[in-house]
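Contents: one structure, followed by commentary.
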């Protein structure tokens with residue numbers, strides 16, 4: 001969990017907004033450190049967390065979380081964390097020897113025409129707020145997806161992923177007053193409004209749905225050993241008719257966290 005980022009977003013595990021759809025995206029950089037932050041943040045906040053991991057294994061997330069002071073194994077044992085290991089589940093279904101095994105949540109690999117209904121049903125049952133109430137009243141439910149662009153690689157259409165994002169937002173954010181955090185990777189160099197690339201279409205569509213966007217980019221000046229990139233924070237939680245708020249920060253990832261600072265204020269450039 002990154003204290004400086006919490007300060008930028010004006011949140012803490014004790015006080016944070018609910019009903020939010022947070023979109024993380026990266027371009028020529030790696031935003032996974034932000035996903036690790038939000039995972040630890042919501043577990044510390046006592047939320048019921050459903051993590052749909054399509055990019056890495058449980059052991060990877062567990063090792064990073066351990067360095068950040070959070071035990072995913074303990075969270076799973078307590079029932080606070082529901083973890084879908086999409087990589088292993090996908091291999092189980094796609095392997096000719098194990099095609100009948102694997103979670104029903106990944107049924108879209110067996111029947112692409114069905115869209116992501118099975119995955120949505122899995123999420124709906126995992127974030128059911130009654131589970132938290134039975135265990136002493138946990139915080140609001142939270143869905144984390146890392147990362148949505150992997151669904152495109154698995155043969156899901158951009159329209160189906162956009163529908164999935166919409167239904168998750170309605171179910172988790174609107175109905176259960178919880179939060180959704182979704183990560184999306186883009187391969188292009190720049191945002192191209194006219195691009196027909198599926199990842200760009202998905203980025204535009206999910207940006208339209210989200211209430212808060214954190215966009216990770218490489219430095220426009222090129223590689224720097226002491227500054228790993230920059231994050232644009234786009235707060236779209238303003239009332240109708242008012243402008244959305246944008247802030248840009250540079251960052252450096254450490255072994256046990258990350259530092260954020262205004263552009264040009266790092267000690268490396270002063």
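We did not get these values from a lab; they are worked out from the coordinates using the rules stated. Model, not experiment: these values are computed from the prediction. Ideal geometry is used to build each Cβ from the backbone, glycine not excepted, and the neighbour counts take in all protein chains shown.
With respect to the conditions (1) within 15 Å of residue 179 (Cβ to Cβ); (2) surrounded by 23 or more Cβ atoms within 10 Å (Cβ to Cβ); (3) over 12 Å from the mean Cα position of the chain (by Cα), residue 5 falls short on a single one, namely (1).
Restricting to segment 1-53, give me the number of residues that are outside any helix (DSSP H, G or I) and within 20 Å of residue 151 (Cα to Cα). Let's see the steps before the verdict.
Restricting attention to segment 1-53, the residues satisfying the condition of being outside any helix (DSSP H, G or I) are 1-2, 10-31, 45-53.
Of the ones still in play, those that are also within 20 Å of residue 151 (Cα to Cα) are 21-31, 50-53.
Qualifying residue count for the region: 15.
Of everything in segment 214-230 that is free of Cβ contacts under 8 Å to residues at least 40 places away in the same chain and surrounded by 11 or more Cβ atoms within 10 Å (Cβ to Cβ), the residue that is farthest from residue 265 (Cα to Cα) is 219.
In segment 113-124, the residue that is farthest from residue 143 (Cα to Cα) out of those that are surrounded by fewer than 15 Cβ atoms within 10 Å (Cβ to Cβ) and in contact with a helix residue (DSSP H, G or I) (Cβ under 9 Å, 6 or more places away or on another chain) is 114.
Residues of segment 45-76 that are touching a residue at least 24 places away in the same chain (Cβ under 8 Å), over 25 Å from residue 118 (Cα atoms) and surrounded by fewer than 16 Cβ atoms within 10 Å (Cβ to Cβ): 67, 69. Count of segment 81-95 residues, restricted to those that are farther than 23 Å from residue 148 by Cβ and touching a strand residue (DSSP E or B) at 6+ places or on another chain (Cβ under 7 Å), is 0.
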